[in-house]
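Colleague: I'd like to ask some things about the structure below.
Nothing in this text is a laboratory measurement; each read-out follows from the coordinates by a stated rule. Since the structure is predicted, the reported quantities are computational estimates derived from the model, not experimental observations. Note that each Cβ is placed from the backbone with ideal geometry, even for glycine, and that neighbours are counted across all protein chains shown.
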Amino acid sequence: MVPPILRIEGVSVHFPVRKGVLQRQVAEVRAVENVTLSLHPGEAFGLVGESGCGKTTLARTVLRLVDATEGAIWFDGENITNLKGKSLSPYRKRVAAVFQDPFSSLNPRMKAGSIIAEVLTVHKYRGDVQARVIELMGLCGLSERFFDLYPHQMSGGQRQRIGIARALAVEPDLIVCDEAVSALDVSIQAQIINLLEDLRARLNLTYLFIGHDLSIVRHLCDRVAVMYLGRVMETADSEELFANPQHPYTRALIDAVPNPDPLSESLRDHKALKGEVPSPLDPPTGCVFHPRCPIAMEVCRKVVPTPQVLTPGHVAACHATISNPVN
Ligand SMILES: Nc1ncnc2c1ncn2[C@@H]1O[C@H](COP(=O)(O)OP(=O)(O)OP(=O)(O)O)[C@@H](O)[C@H]1O
Ligand SMILES: [Mg+2]
């Protein structure tokens, strides 16, 4: 089997914060807790979960913008967890990011062409920079006319195309897309998803795609991991995960999606996700999902469930599922 291009191994990210009225108590936000995942070359890997479950923190750790508190990140066989300064630059050429809001991630004082050219210059591109910028814009469906436009002169979708062209400028193998289409109108979302799919096939890219719209993740991603309070609850091939979810949290997330078909809605066994996500400053003992879980058992309050392989490629961390898989 081909080795993974990205391996996240037992990664935890804890942020020290101050709390209490006088801000004197020191506490830890446990944003990511013991996450292990592998991404294979050329696949689109989805990361889903409610707000605050640690998706962006994990993405920023992969991008080496945040340090892992524990664990290791391997890229193409190299441990990049502790690389600093110059030793990070080869990695920075192989991994790029596309963020949610291109308006805030693009410099408003720079024209689109210069925004992309800047990346080429930083990475010491040896060829004709202007020609390469036009080529990158073309790959992203933008004509030369956009070269001299400022971000505010473009639509949201056009700005995100510039954000993608900028990510492609380093010729990356892996692109981290953190809510890359979430801020766009539905029709524009579809165009950008089509562009991402097209680029993946043409350039053999691997994606770590973070999204909260399950239908988009299902459509775009080959495999999906479901996170809750910093932990991965379930990982499976996309079709398998949505057709046969094993973790009660995954089932609740899928159930929480409004179904446009009223008949199937009325037939559905509704188990809406109740209650708030607990604070990562003081996560529940045992399985972090147990206070909201409809099938929690005594053991769930005490023991953190170990991820178990249920069928090849389908992994869940749930005491109940392991002893009694749902079919
Ligand atoms: N620099 C930081 N210092 C302290 N806490 C942080 C920091 N960055 C993130 N957090 C906390 O870590 C937790 C995870 O946040 P994160 O942004 O990774 O979640 P997310 O899954 O991306 O959420 P969303 O879907 O809203 O984007 C949250 O409780 C957040 O408040
Ligand atoms: Mg986020």
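Colleague: Kindly indicate whether any position in segment 14-28 is surrounded by 18 or more Cβ atoms within 10 Å (Cβ to Cβ) and within 16 Å of ligand 2 (Cβ to nearest atom).
Modeller: There is no residue in segment 14-28 that is surrounded by 18 or more Cβ atoms within 10 Å (Cβ to Cβ) and within 16 Å of ligand 2 (Cβ to nearest atom).
Colleague: Please go through segment 116-172 and give me each residue that is in contact with a Cys (Cβ under 9 Å, 6 or more places away or on another chain) and among the β-branched types (Val, Ile, Thr), ordered by number.
Modeller: Residues satisfying the conditions are Ile162, Ile164.
Colleague: Name the helices (runs of 4 or more DSSP H) wholly inside segment 81-147 in which the number of residues that are closer than 21 Å to Cys177 by Cβ and in contact with a Ser or Thr (Cβ under 9 Å, 6 or more places away or on another chain) is 1 or more. It would help to see each step written out before you state the result.
Modeller: Values: elements: 89-92, 102-105, 112-122, 129-139.
Correct list: 129-139.
Colleague: Another question about this same structure. Do we have any residue at all in segment 148-162 that's within 16 Å of ligand 2 (Cβ to nearest atom), crowded, with 17+ Cβ neighbours inside 10 Å and β-branched (Val, Ile, Thr)?
Modeller: Within segment 148-162, none of the residues are within 16 Å of ligand 2 (Cβ to nearest atom), crowded, with 17+ Cβ neighbours inside 10 Å and β-branched (Val, Ile, Thr).
Colleague: Here is a further query. Can you find a residue that is more than 19 Å from the chain's Cα centre (by Cα), aliphatic (A, V, I, L, M) and more than 16 Å from ligand 2 (Cβ to nearest atom) anywhere in segment 81-90? Break it down into steps so the answer makes sense when it comes.
Modeller: Taking segment 81-90 and keeping what is more than 19 Å from the chain's Cα centre (by Cα), we get 82-90.
Then drop every residue that is not aliphatic (A, V, I, L, M), which leaves 83, 88.
Checking the rest, the ones that are also more than 16 Å from ligand 2 (Cβ to nearest atom) come to 83, 88.
Yes, there is a match, as at least one residue in segment 81-90 is more than 19 Å from the chain's Cα centre (by Cα), aliphatic (A, V, I, L, M) and more than 16 Å from ligand 2 (Cβ to nearest atom).
Colleague: Under 6 Å by Cβ, and 6 or more places apart or on different chains, what pairs join a residue from segment 227-252 that is in contact (Cβ under 8 Å) with a residue 24 or more places away in the chain and closer than 30 Å to Glu28 by Cβ with one that is aliphatic (A, V, I, L, M) and within 16 Å of ligand 2 (Cβ to nearest atom)?
Modeller: Going by the 6 Å Cβ cut-off, the qualifying pairs are Gly230/Ala31; Gly230/Val32; Val232/Val35; Val232/Ala225; Met233/Val226; Glu234/Val226; Thr235/Ala225; Thr250/Val226.
Colleague: Take Leu6 and decide whether it is within 16 Å of ligand 2 (Cβ to nearest atom) and either of a type outside the set (S, T, N, Q) or over 18 Å from Tyr207 (Cα atoms) (or both).
Modeller: Details: within 16 Å of ligand 2 (Cβ to nearest atom): no; either of a type outside the set (S, T, N, Q) or over 18 Å from Tyr207 (Cα atoms) (or both): yes.
Considered against the rule, which asks whether it is within 16 Å of ligand 2 (Cβ to nearest atom) and either of a type outside the set (S, T, N, Q) or over 18 Å from Tyr207 (Cα atoms) (or both), Leu6 comes out as no.
Colleague: For segment 50-64, enumerate the residues that are within 6 Å of ligand 1 (Cβ to nearest atom) and in a loop (DSSP other than H, G, I, E, B).
Modeller: Ser51, Gly52, Cys53, Gly54
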